[in-house]
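Report on one structure; see the data block that follows.
The values are calculated or read from the model by the stated rules, or taken from the named source; none is laboratory data. Small disclaimer: the values here were computed from a predicted structure and weren't measured. Methodologically, a virtual Cβ is constructed for each residue, glycine included, from the backbone with ideal geometry; neighbour enumeration extends over all protein chains shown.
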Amino acid sequence: MKTSTIIFIKSIGNMNFAKLLIIISLLGWAVNCKAKGTNNNKDTLDYWHIYYNRAKIRKYNINYKKTVEINIRNVKKSDSLRIMYFSDAPREKCIPEVTILNQQKQPITKLSTGFQGYTTFKLGISQLIEDRKKSNSNTYNFFYDDHSGMNKQFLFSVIFK
């Protein structure tokens, strides 16, 4: 064995049990705190992909300007948006949900699923078109909420042009 290894082993042997227990507890606490976190202070980044019908049109995380522009003239009745959201630090007993607000900040609909981690939300564009006729909104904001007590996270805006 190397001299440094022998010195380290002897120093551990000389430590009393209480000090060793405190060090192990602090290391365990530090590892546990790193695994948990808040939306603003995580060691990981959630990300999401947006599909228009079957085509992936955007890939986002919290660091991007998040706008999807849709030409209203090209929209078909059967068109849809699909949001595939991934969190590699899902919270227990939390049901993920996407809330959509119009320009007047009125809720249009909520999309929810019972799954955590890799979650898919789907919305028919016709729902936004119907609200657009009623409210004259051209912008719709999408927010993710897992009901863990954290703030809702802004995902992206849809702007009709």
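Numbers below:
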{"item": "Selection within segment 113-147 - surrounded by 19 or more Cβ atoms within 10 Å (Cβ to Cβ) and modelled with pLDDT under 85", "result": "Thr119, Asp146"}
{"item": "Residue selected from segment 64-87 under the condition more than 20 Å from Tyr118 (Cβ to Cβ), loosely packed, with under 15 Cβ neighbours inside 10 Å and not β-branched (Val, Ile, Thr), by the criterion modelled with the lowest pLDDT", "result": "Lys65"}
{"item": "Residues of segment 148-158 satisfying the condition of being hydrophobic (A, V, I, L, M, F, W, C), surrounded by 14 or more Cβ atoms within 10 Å (Cβ to Cβ) and either assigned to a strand (DSSP E or B) or without any contact (Cβ under 8 Å) to a residue 12 or more places away in the chain (or both)", "result": "Leu155, Phe156, Val158"}
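Here is a yes/no grid of residues against (1) modelled with pLDDT of 90 or more; (2) outside any loop (DSSP other than H, G, I, E, B):
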residue	(1), (2)
Ala89	no, no
Lys93	no, no
Ile100	yes, yes
Lys105	yes, no
Ile108	no, yes
Leu111	no, yes
